[in-house]
Amino acid sequence: MSYNDEGSEKLPVIILIHGFPFNKSMWDKQVEALKENNRVIAYDIRGHGQSETGEAAFSLELFVDDLICLMDALEIDKATLCGLSMGGYIALLAIEKYPQRFEALILSDTQCIADTPEAKEKRMKAIDDIKTKGVKVYVDGSIKHFFSAETFTGKPDVVNAVKEMMLNTTEQSLCNTLYALSIHKETCSSLPEIHVPVLILVGKEDKITPPAAARLMHEKIRESSLSILELAGHLGNLESPHEFNFKIKKFMHQVANKPFQLKSAFGTW
Ligand code: MLT
């Protein structure tokens with residue numbers, strides 16, 4: 001597994017989990033912002049970035065096991081997880097399976113539901129398209145869905161960096177991960193069991209995991225707060241990095257310095 005490990009080992013640990021089909025470089029600006037006050041780990045999920053693919057069939061459960069192995073290898077007993085989209089699916093499944101290993105969650109542009117039949121069908125079509133028409137056609141067709149209108153027209157550097165990450169993911173990893181996503185289980189039913197502070201972030205223009213999906217999680221997680229990024233689509237950390245970083249730094253500061261706050265006190269930002 002390929003990972004970056006920044007900041008002092010003595011500081012509270014935050015692990016950043018990227019979305020699909022991206023890699024750890026999507027977190028570069030967050031690593032810079034967080035490393036003064038945290039030990040920050042950003043890693044490539046199996047088959048993405050520079051991490052190897054391995055032999056096992058891809059599943060979200062396997063990705064969770066990889067995360068726990070990484071934590072064990074780095075001797076990290078407890079961490080805060082920050083997951084975006086698929087990274088959030090992994091974070092939610094990880095806290096369901098190993099609640100004692102996590103002290104807080106940041107859930108960005110993600111959801112707790114399983115794929116609907118329509119979503120599964122779309123994934124199967126995407127797999128078919130990748131195999132018959134190639135990765136570039138898939139990337140060109142899906143890239144615009146990730147951003148707000150402002151980002152897509154006004155921040156070509158961000159759009160190109162995301163495109164690059166997608167194009168650097170192999171056909172095999174794209175197809176295997178799409179299949180894993182199509183069969184991933186829901187985690188909504190276990191949200192009331194989460195007893196750590198949770199920050200939920202979502203772009204106002206997120207069309208993939210929209211604000212309604214974030215609100216559903218906020219209602220079910222007792223110690224959660226919800227924040228909507230006005231100018232962002234699905235990739236708020238890249239589209240509105242200053243606002244995103246301000247919110248996650250504030251949250252990490254609260255987690256480190258304050259006793260538990262109930263939802264009524266923590267509220268919606
Ligand atoms: C992601 O950004 O990780 C994906 O959009 C998640 C998904 O396709 O469900």
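The values are calculated or read from the model by the stated rules, or taken from the named source; none is laboratory data. This is a predicted model, so every value here is computed, not measured. Neighbour counts are summed over all protein chains in view; Cβ atoms, including those assigned to glycine, are modelled from backbone coordinates with ideal geometry.
Just a few scattered comments:
- Residues satisfying the stated conditions in the stretch 198-210, i.e. surrounded by fewer than 24 Cβ atoms within 10 Å (Cβ to Cβ) and away from the ligand (no atom under 15 Å from the Cβ): Lys204
- Any chance Asp140 is without any contact (Cβ under 8 Å) to a residue 40 or more places away in the chain and assigned to a helix (DSSP H, G or I): yes
- Take the conditions (1) of a type outside the set (Val, Ile, Thr); (2) over 17 Å from Asp109 (Cβ atoms); (3) part of a helix (DSSP H, G or I); Lys29 misses just one of them, which is (2).
- Of all residues in the stretch 219-239, those satisfying the criterion of being within 16 Å of the ligand (Cβ to nearest atom) and either in a helix (DSSP H, G or I) or of a type in the set (Ser, Thr, Tyr) (or both) are Gly236, Asn237, Leu238, Glu239.
- Some residue of the stretch 70-86 being under 27 Å from His253 (Cβ atoms), within 16 Å of the ligand (Cβ to nearest atom), under 13 Å from the mean Cα position of the chain (by Cα) and β-branched (Val, Ile, Thr): no
Yes or no, residue by residue, for (1) within 25 Å of Leu229 (Cα to Cα); (2) among the small types (Gly, Ala, Ser); (3) assigned to a helix (DSSP H, G or I); (4) in contact (Cβ under 8 Å) with a residue 60 or more places away in the chain:
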| site | (1), (2), (3), (4) |
| --- | --- |
| Thr169 | no, no, no, yes |
| Cys175 | no, no, yes, no |
| His184 | no, no, no, yes |
| Leu191 | yes, no, yes, yes |
| Val196 | yes, no, no, yes |
| Leu201 | yes, no, no, yes |
| Glu205 | yes, no, no, no |
| Ala213 | yes, yes, yes, yes |
| Leu216 | yes, no, yes, yes |
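- Unmet requirement for Glu103, which otherwise passes all of (1) in contact with a strand residue (DSSP E or B) (Cβ under 8 Å, 6 or more places away or on another chain); (2) charged (D, E, K, R); (3) at pLDDT below 95: (3)
- The combined condition, being among the aliphatic types (A, V, I, L, M) and part of a strand (DSSP E or B), is fulfilled by Val40.
- Some residue of the stretch 7-28 being within 16 Å of the ligand (Cβ to nearest atom) and either at pLDDT below 95 or of a type in the set (D, E, K, R) (or both): yes
- Which numbered condition Tyr89 misses (of (1) buried (at least 17 other Cβ atoms within 10 Å of the Cβ); (2) part of a helix (DSSP H, G or I); (3) more than 16 Å from the ligand (Cβ to nearest atom)): (3)
- Any chance Ser51 is polar (S, T, N, Q) and outside any helix (DSSP H, G or I): yes
- Pairs where the first residue, in the stretch 26-40, is without any contact (Cβ under 8 Å) to a residue 60 or more places away in the chain and the second is surrounded by fewer than 20 Cβ atoms within 10 Å (Cβ to Cβ) and among the charged types (D, E, K, R), C-beta under 8 Å, 6+ apart: Val31/Glu6; Lys35/Glu6; Arg39/Asp5; Arg39/Glu6; Arg39/Glu9; Arg39/Lys10; Val40/Asp5; Val40/Glu6
- Any hit, the stretch 52-60, residues being touching a residue at least 60 places away in the same chain (Cβ under 8 Å), among the polar types (S, T, N, Q) and within 16 Å of the ligand (Cβ to nearest atom): yes
- When Glu118 is tested against (1) modelled with pLDDT of 95 or more; (2) within 15 Å of the ligand (Cβ to nearest atom); (3) closer than 30 Å to Glu243 by Cβ, just one condition goes unmet, and that condition is (3).
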